[in-house]
Amino acid sequence: MESEIHAIVNPASGAGRTRVRWPRLARRIEALGAQVHSYFTQGPGDATRIARRLLERGVKEVVSVGGDGTANEVANGFFSDGEAVASDAVLSVMPTGTGHDFARSLGIRSLAQAVETLRNGVVTCIDLGLASYQGQTGRETRYFVNAADVGLGAAAAAAINRSRKILGGLLTYLLGAMRGIVLFHPGPAQVTVDGGWVSDGPTHMVLIANGRFHAGGMRMAPAARMSDGLLEVLVLEKVSRLALLATILPRAYPGTHVSHRAIRQQRGREVEVRAPRALPFEMDGEQPGTTDLWVRVLPSALRVRVPPAISHSGT
C-alpha cells in the first residue's frame, strides 16, 4: 500500500451514505499506516477534473470512493486529449455507492475486501471502452470501465438516477429494471461488430460489456473478460414485456439469460449502433447522450489494483 492515499470521494453516492461511511473507512486505512488525503466532489465532472489534476501533480495512485459513476469519472481523468496523463498511474476503487458492478467485475465484493486490496492487492492492466455518441453539444467521446448500453438499460438507469436510492443496490436496480421494462418502447437499431452485421430491427437493448456484471449485480455478460482485448456484445431483440419480466430478468442474475432465443451474442473490437430515432444510451450508470454510437476497445489501457487472488486473465 502507498504511504499516502489520495481518495476522490463522491459524498452524494449511495443516497448520501458515502458521506457517513467514508470517515470510518479513512480511519481504518490510516490504522494500516497510510496517510489519507480526501478530495470531495460537489457536482458532475468534478471527479474527472480532480483526478487529472492529481495525476499531473505526480500522484501515482488514485482511489475512487463511490459508485460506478464515480469510477467512470475518475477513470476519464486518467486521460487528456486521448492520451494517458500518467502511463504508470493506478486506479483503485472503494465501492460505497448504490451500484458497484465495476468493483464486482474486478473481484472486489465488499468494502472490507476493498480496504484489504488497498493494502496487499496487485496491479494489473484492464481494457477500456472508448465511445463516440451524440451529446448535448454534438459528437462527444468518453471512456467507460465496465459497460455501456443502448435502450432498455439506459431507461432503467434514468429511473434509478431519478429515485432516492434508499433501498440499497439490489432492490434499487431491480425496481429500476422493472420500471424500465414497463415504460420503454423498443425502436429499430442496426448493430454491427467489427463491420459484420449482428442485428437490424426493433431492439430492446444493446449491451457492450467490458466486465461481467451490470445493473446492480446481474451477470449480464458472463463470458466477458476485462483483459482480453475484446468487448462482449449482447443484443436483446424485441420481446413481450411478460417475457422480459418473467423469463429474461430473473435469468440475468445467474447469467443464464444469454441462451434466450431473443438474445444475439457477439464479441469484437469495434461496435456500432445506428438508429433512425435517437435511442438513450448510458455507460457505467451515467447518461451522457444518445445514438448513433460507436465504441472501440482500448486493450490494457488502464492500470487497476485488484485482490491478489484475481489473476490477470480472470479480470
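The values are calculated or read from the model by the stated rules, or taken from the named source; none is laboratory data. Since this is a predicted model, take the numbers as computed values, not measurements. As a convention, Cβ positions derive from the backbone with ideal geometry for all residues, glycine included, and neighbour counts pool all protein chains shown. Accessible surface areas use protein heavy atoms only, side chains included; no ligands, DNA or RNA. Shrake-Rupley method; radii C 1.70, N 1.55, O 1.52, S 1.80 Å.
Values for this structure:
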quantity: Candidate set from the range 289-302 (those that are touching a Gly at 6+ places or on another chain (Cβ under 6 Å) and either modelled with pLDDT under 95 or under 17 Å from V235 (Cβ atoms) (or both)); member that is most open to solvent (accessible area, probe 1.4 Å); calculated: G289
quantity: Test for V74: is it of a type in the set (A, V, I, L, M) and in a strand (DSSP E or B); calculated: no
quantity: Candidate set: the range 227-250, residues that are in contact (Cβ under 8 Å) with a residue 60 or more places away in the chain and either in contact with a Cys (Cβ under 9 Å, 6 or more places away or on another chain) or in a helix (DSSP H, G or I) (or both); chosen: the one surrounded by the fewest Cβ atoms within 10 Å (Cβ to Cβ); calculated: R241
quantity: Residue, nearest to the chain's Cα centre (by Cα), within the range 63-93, restricted to residues that are of a type in the set (D, E) and more than 11 Å from L302 (Cα to Cα); calculated: D68
quantity: Any hit, the range 259-281, residues being open to solvent by 10 Å² or more (accessible area, probe 1.4 Å), assigned to a loop (DSSP other than H, G, I, E, B), more than 17 Å from A155 (Cβ to Cβ) and among the basic types (K, R); calculated: yes
quantity: Single residue of A47, A114, A103 found to be modelled with pLDDT of 95 or more, assigned to a helix (DSSP H, G or I), open to solvent by less than 10 Å² (accessible area, probe 1.4 Å) and in contact with a Leu (Cβ under 9 Å, 6 or more places away or on another chain); calculated: A114
quantity: Odd one out for D200 among (1) free of Cβ contacts under 8 Å to residues at least 24 places away in the same chain; (2) open to solvent by 40 Å² or more (accessible area, probe 1.4 Å); (3) farther than 30 Å from I108 by Cβ; (4) not in a strand (DSSP E or B); calculated: (4)
quantity: Members of the range 80-100 that are over 19 Å from V115 (Cβ atoms) and surrounded by 23 or more Cβ atoms within 10 Å (Cβ to Cβ); calculated: T98, G99
quantity: Pick from the range 117-132, criterion part of a strand (DSSP E or B) and open to solvent by less than 10 Å² (accessible area, probe 1.4 Å), ranking: farthest from L230 (Cα to Cα); calculated: A131
